[in-house]
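Undergrad: Sharing a structure below in structure tokens format, with a few things to ask.
The values are calculated or read from the model by the stated rules, or taken from the named source; none is laboratory data. As the structure is a computational prediction, the values presented were derived from the model and not from experiment. Ideal geometry is used to build each Cβ from the backbone, glycine not excepted, and the neighbour counts take in all protein chains shown.
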Amino acid sequence: MLFAHDTEEALRSAAALINTAPWRPGASDELATPEQLDAFVEAWRWSGSRTHDEEELRQVQELRPRLRRIWTAPVDEMVEGVNALLRDAGALPQLVRHDGWDWHLHAVDPSRPLAERMAVEAAMALVDVIRAGETHRLKTCGADDCEDVVVDLSKNRSKRYCDSGCGNRLAAAAYRARRAQES
């Protein structure tokens, strides 16, 4: 494990959140309804208060491009973006233990809006990445036709493709091309 468990989960969750937006031409928004947001929150085990309404959905949708800009920025701009997220939320880190998770950091009260909690969790994880000098682990997918973000938590820093199947798709295409050339 490169980072603390909560940092790795927050990075994965942030990447998944960013990737729900329709960055690719013809892609659909995977968080277009409050029900889709409910499913995302359940899948990523977000705790704390929820309103389950259109305003909560709008706030989370508006967070995605902000996180993407930070994710893909040079380090100095990344730091500015992370500090802005923390400042905007009035973050005050605290050690907590809940829902089967051992000690980890929360930086905002669980009663704060979901989008604010998501922003701060991502910012706290990015703080660890920046402090460790590991920002090169935050990437975009290596496939020419994909704009999803990738967090490379592999030991050898070799992850190139997103979790949407681009690596398999490109490997299959290369295999088919080799087979066609052999024929």
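Undergrad: Please go through segment 63-95 and pick out each residue that is crowded, with 17+ Cβ neighbours inside 10 Å and either over 17 Å from the mean Cα position of the chain (by Cα) or among the aromatic types (Phe, Trp, Tyr) (or both).
TA: Matches in segment 63-95: Trp71, Ala89, Ala91.
Undergrad: Does segment 171-178 contain any residue that is crowded, with 18+ Cβ neighbours inside 10 Å and not charged (D, E, K, R)?
TA: Filtering segment 171-178 for residues crowded, with 18+ Cβ neighbours inside 10 Å gives none.
Scanning segment 171-178, I find no residue that is crowded, with 18+ Cβ neighbours inside 10 Å and not charged (D, E, K, R), so the answer is no.
Undergrad: Select, from Arg157, Arg117, Arg169, Arg131, the only residue that is basic (Lys, Arg), touching a Phe, Trp or Tyr at 6+ places or on another chain (Cβ under 9 Å) and closer than 20 Å to Leu11 by Cβ.
TA: One residue alone meets the criteria, Arg117.
Undergrad: For Asp109, work out the one condition from (1) at pLDDT 95 or above; (2) within 21 Å of Trp44 (Cα to Cα) it doesn't fulfil.
TA: For Asp109, the failing item is (1).
Undergrad: Starting from segment 132-148, keep only residues that are free of Cβ contacts under 8 Å to residues at least 40 places away in the same chain, then list their pairs with residues that are of a type in the set (Ser, Thr, Tyr) and crowded, with 17+ Cβ neighbours inside 10 Å whose Cβ atoms are within a distance under 9 Å, requiring at least 6 positions of separation or different chains.
TA: Cys141/Tyr161; Gly142/Tyr161; Ala143/Tyr161
Undergrad: Select from segment 108-145 the residues that are in contact with a helix residue (DSSP H, G or I) (Cβ under 7 Å, 6 or more places away or on another chain) and of a type in the set (Val, Ile, Thr) and write down the one among them that is surrounded by the most Cβ atoms within 10 Å (Cβ to Cβ).
TA: Here the residue is Val120.
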